[in-house]
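Structure record follows, encoded as structure tokens.
The values are calculated or read from the model by the stated rules, or taken from the named source; none is laboratory data. Just so we're clear, the structure is a prediction, and the values are computed from it rather than from any experiment. Glycine also receives a Cβ, built like all others from the backbone with ideal geometry; neighbour counts cover every protein chain displayed. The area values use the complete protein model at the heavy-atom level, side chains included, leaving out ligands, DNA and RNA. Shrake-Rupley method; radii C 1.70, N 1.55, O 1.52, S 1.80 Å.
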Amino acid sequence: MNLPTDVLLRTTDHQGMSVDAARVQLHAWVFALPVDAREAVFVAGSALGANDEFQAALVIAMHGWFRQAASCLRTALDAMTAATAYSVTVAVSTLLPQMTIT
């Protein structure tokens, strides 16, 4: 048995409830995604990418590579922040196209 496998077994043995809670939150994220991608043009794709990063972070952290797991979480945060900013910009530009400042 190699070290990452040993760490995985020990982590899930001692922190099984925390790992299960993280898995439940991961599934809650999937059900919180926009159903219609047209409602949130940029957010839908980024949310799916963030879901992949959350899954990777959980597996990587359970193997003991905590810095790399934090990097996955940072990537998900960056993607969702950028997608939200673009969505807000598009929404404002479509709702207020005729706005003039005097």
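What ranking of M62, M17 comes out by heavy-atom accessible area, probe 1.4 Å, highest first?
Details: M62 30, M17 165 Å².
The residues order as M17, M62, largest area first.
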Inter-site label distance for V41 and R74 at 7 Å from Cα along Cβ, in nm: 3.1 nm
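Relative contact order for the range 1-92: what is it in percent, counting Cα pairs under 8 Å that are at least 6 residues apart? Please list the in-between numbers first.
Details: 72 pairs, mean separation 28.7, N = 92.
Taking the mean separation of contacting Cα pairs over the length of the range 1-92, I get 31 percent.
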S71 accessible area, nearest 10 Å², 1.4 Å probe? 70 Å²
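Once the Cβ-Cβ distance between T94 and F31 is put in as r, and R0 is 22 Å, what FRET efficiency do you end up with, to the nearest 0.05?
Numbers: r = 28 Å, r/R0 = 1.26.
The value I calculate is 0.20.
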In the range 1-80, the trypsin sites (Lys or Arg not before Pro) that fall in loop regions by DSSP, at most 11 other Cβ within 10 Å: R38
